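Derivation of every value follows stated rules applied to the coordinates shown; laboratory data play no part. All figures in this text were calculated on a predicted structure; none of them were measured in a lab. Reconstructed Cβ throughout: ideal geometry from the backbone, glycine too, with neighbour counts over all protein chains shown.
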Ligand SMILES: [Zn+2]
């Protein structure tokens, strides 16, 4: 095992260059960002072939017991990406467990001040589970059925 992995300058995904394969791909839809906890969630979502946007890897989930708060996650970087005004949708794809839900709730509140639609993956994912281990059909349906968390733009 070679331990030479670095992370993408934009999204925090594993990468061998400044930009990961997703960020460097000109065919990806750049106005949609899917927020995941871990870089391992990216290949899980890619397998569904439902998603053509970009990612943002948080590097974990809010977990007060372990002392993980928003400052330990790549939340500031996410806000920076949204401040450009090019993003038209944020999909919160944190894990369907307590920490993942807490993280999604926190981010939805943070993003409520911005004029960008925020949605959360639909239920159907195994509760208490890990996105990484969801099969692609279940995960694909969760994407299709994602629900809006904030009010639509007037
Ligand atoms: Zn990237």
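Given R₀ = 41 Å, FRET efficiency for residue 16-residue 147 by Cβ-Cβ distance, to 0.05?
0.70
Is the chain best put as rounded, prolate or oblate by its Cα gyration tensor, with a ≥ b ≥ c the root eigenvalues, rounded for a/c under 1.5, and otherwise prolate when a/b is larger than b/c, oblate when not?
rounded
Treat the count of other C-beta atoms within 10 Å as a stand-in for reagent exposure and order 14, 35 from fewest to most.
The most exposed by this proxy come first: 14, 35.
For the chain, what does the helix formula give at 222 nm: sum of -39500 (n - 2.57) over DSSP H segments with n ≥ 4, over the residue count, nearest 500 deg cm²/dmol?
-7500 deg cm²/dmol
Could you work out the relative contact order of the chain, using alpha carbon pairs under 8 angstrom and six or more residues apart, expressed as a whole percent?
Computed value for the chain: 21 percent relative contact order.
Obtain the nm distance between the two label points defined at residue 83 and residue 115 by a simple spin-label model: each point lies 7 Å from its Cα along the Cα-to-C-beta direction.
The answer from the label model is 1.8 nm.
Between residue 71 and residue 122, what is 0.36 nm times their sequence separation minus the Cα-Cα distance? Round to one decimal in nm.
Residue separation times 0.36 nm, minus the Cα-Cα distance, leaves 15.7 nm.
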